[in-house]
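Chemist: For reference, the structure I am asking about is given below.
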Amino acid sequence: MKIIAGGGFGNIYQIDDNTVIKAIHTETSCAEAKREFLKQQKIYDSFQKLKHINFSGGKTAKSRLLKLVQKYIVVSRPISFIRMPVTLDNINYSCAFTMTKLNGIPLSILSRLDDKLLSEFDNEYFNAVGKDFQLLGHLSFNTTITGVVGIDVDQKISEHNPARGYFIAEDSKILKNLRRNHDLKLSDDDIKQIIGFVYGFIFSDAHIVPLDIEIALGITKRNFVINVLDFGMTFDMIDMDNNTKSSTTEPYFEINESNVSSHDKYENYLNKMFDNISIDLYGDITDDAYVKAGFDEAVRLSKQLSFSLINIHKESITNTDPSKLIFSECNTNVSILNIEPNDIKTISVSIPNSLHMIFVSHGLAIIHLLGVNIALGIGESLIVKNDYKIENVNSDELKMYVIANNNC
C-alpha cells in the first residue's frame, strides 16, 4: 500500500487498482470527514443520474456541453466510512473512508512535457513509485500556479511530503502538447465551460455550495477524464448537519437562519457563492463568460431534470377516496400525516422504484422537492419519486394522506 496524495487532513493510500482509502490524522477531524463522505455521496449521485439520462429531443439534446460533461466528468464513488482508528504503513490514523480510485496523469507523460518535473522529486522516492505513478492534473485556470506542488511547497516530493497534484494553467504548453501528441480533444474554452457546469450542477442538483472543490484532468486506458473531488469545504443547503462551522461557512449558516423567503435564500446563497468561487483556483464565474455559460446551462438543466424525473402529477381530486388512489401492480400502503402549524416534516422515498402520492385533505401544504416549492391545497395531489419535505404554512393543522406505492 502506498501514499498517492496528501494534505492537511492526512493521506490517501491506494489499496488496489480500483480503490483508495482517505486516512484522517486527528479525532477532531473525523466528524468533518464523515460530513464530507455524505456530501460526496450526494454529488456522486447527481452526476450518476446525469450520466444515465437519455435526452430524446428539445434544447437539451442539442447541447454539446452536456455531451462533454457526460463523457468526461468522473466523481469518486464513496464506499464505506471507518469510524475507528486504523494503522497504515505503521502510521496511526483516527478514522478513514474508502472510495473508488480516480485516474491522474502518469509521470511517464508529465516528465516528457515538463523537463523540470523530476528535479522536484526526491530521487529515492521517485525510483520507488516509478513512472507509472499518477498525479492529478489540477485545471487551475484562475491562477498562475503551475507544476507539481507538495504539502510543503518548499520541499521536494517524497514519502513524507506527498504531492497535492500537478497544476495546469490556462493556455499552458502541457495542454497544447496533450492535444498534439495524446489526442486530448478539449479546448481551453471547453474546459472552462465544464468547470462552470460542475459548479452549477453541484449547486442546483445536489443543493451543495461548492466552496472549495478540486477539478483535475486524468487519463484512463480509453480516454481523458475530468475528476471532481475533495468535498470537505462545501455547504449542504438542505441538511445542516452535514456542515462544519468555520469562517468560510459562517455566512452560509446566517443565510440559512435568515427570515426570508426560499427564493431570497436561494439568491443569497448564489451571490455569496459567486464571491467565493471567483477567487477559486479553477474558474471565475463572475468575469469569465465561458465559466458563467457552463454554470447557467447546469442550472437550467437541473431545473428541467427536476420536473422530468419527479413525474409531477398535480390535479384536483376532491371527490376521490384517497384509499383508492393506487397504481396497478404495486404494493400500496396508505398513511395519514397530521402536521402542526409552521412545522416541517421530511419524508424519505427509501425503496427503489417506489412512488409517493401526497393528497391534501385539510389545509395548505408547501412541498419542498429538489429545489422546487409546490403548493398543494385541499383535494390536490402530487406524485413524487424523490425525498421531499412537507411544510404547513397555515395557522390550522394540515392533514394529508401519503400513499406509498412500492415496486412500481
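The values are calculated or read from the model by the stated rules, or taken from the named source; none is laboratory data. This is a predicted model, so every value here is computed, not measured. Cβ sites come from the backbone with ideal geometry, for glycine too, and all protein chains shown count toward neighbours.
Chemist: Which of the residues spanning the range 128-140 are out of contact with any Phe, Trp or Tyr (no Cβ under 9 Å at 6 or more places or on another chain) and either of a type outside the set (Lys, Arg) or more than 26 Å from ASN177 (Cβ to Cβ) (or both)?
Modeler: Residues satisfying the conditions are ALA128, GLY130, ASP132, GLN134.
Chemist: While we're on this one: Here are some conditions: (1) part of a helix (DSSP H, G or I); (2) modelled with pLDDT under 95. MET233 meets all but one. Which one does it not meet?
Modeler: (1)
Let's see how each residue does on (1) modelled with pLDDT of 80 or more; (2) at negative phi; (3) not β-branched (Val, Ile, Thr):
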site	(1), (2), (3)
ILE326	no, yes, no
CYS330	no, yes, yes
GLY363	no, no, yes
ILE367	yes, yes, no
ASN373	no, yes, yes
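Chemist: Follow-up question, since we're still on this one. Any residue at all in the range 141-156 that is under 16 Å from the mean Cα position of the chain (by Cα), over 30 Å from LEU88 (Cα atoms) and among the aromatic types (Phe, Trp, Tyr)? Steps first, please.
Modeler: Of the residues in the range 141-156, the ones under 16 Å from the mean Cα position of the chain (by Cα) are none.
Taking every residue of the range 141-156 in turn, none turns out to be under 16 Å from the mean Cα position of the chain (by Cα), over 30 Å from LEU88 (Cα atoms) and among the aromatic types (Phe, Trp, Tyr).
Chemist: Residue check: is VAL291 assigned to a helix (DSSP H, G or I), on the phi < 0 side of the Ramachandran plot and among the hydrophobic types (A, V, I, L, M, F, W, C)?
Modeler: yes
Chemist: Follow-up. Which of the residues spanning the range 374-392 are over 20 Å from LYS49 (Cα atoms), more than 22 Å from the chain's Cα centre (by Cα) and in a strand (DSSP E or B)?
Modeler: ILE374, ALA375, LEU376, GLU380, SER381, LEU382, ILE390, GLU391, ASN392
Chemist: Return the residue satisfying two criteria in turn: it lies in the range 247-296 and is charged (D, E, K, R), crowded, with 18+ Cβ neighbours inside 10 Å and farther than 14 Å from PHE203 by Cα, and of such residues it is modelled with the lowest pLDDT.
Modeler: Among them, the one singled out is ASP280.
Chemist: Name the one entry in SER29, SER63, SER56 that is out of contact with any Pro (no Cβ under 7 Å at 6 or more places or on another chain) and either within 30 Å of GLU159 (Cβ to Cβ) or at pLDDT 95 or above (or both).
Modeler: Matching residue, one of SER29, SER63, SER56: SER29.
Chemist: Applying the selection to the range 92-111, what residues are of a type in the set (Phe, Trp, Tyr) and touching a Lys or Arg at 6+ places or on another chain (Cβ under 9 Å)? Step through it out loud before you land on a result.
Modeler: So in the range 92-111, the residues of a type in the set (Phe, Trp, Tyr) come out as 93, 97.
Correct list: PHE97 only.
Chemist: Also, I was wondering about something else. Looking at ILE219, ILE157, ILE213, ILE194, can you tell me which residue is over 21 Å from TYR13 (Cα atoms), surrounded by 16 or more Cβ atoms within 10 Å (Cβ to Cβ) and at pLDDT 90 or above?
Modeler: Testing whether each residue is over 21 Å from TYR13 (Cα atoms), surrounded by 16 or more Cβ atoms within 10 Å (Cβ to Cβ) and at pLDDT 90 or above leaves just ILE194.
Residues checked against (1) free of Cβ contacts under 8 Å to residues at least 40 places away in the same chain; (2) part of a loop (DSSP other than H, G, I, E, B); (3) out of contact with any strand residue (DSSP E or B) (no Cβ under 7 Å at 6 or more places or on another chain); (4) under 30 Å from TYR166 (Cβ atoms):
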site: ASP241; (1), (2), (3), (4): no, no, yes, no
site: SER247; (1), (2), (3), (4): yes, yes, yes, yes
site: ASN259; (1), (2), (3), (4): yes, yes, yes, no
site: ASP264; (1), (2), (3), (4): yes, no, yes, no
site: GLU267; (1), (2), (3), (4): yes, no, yes, no
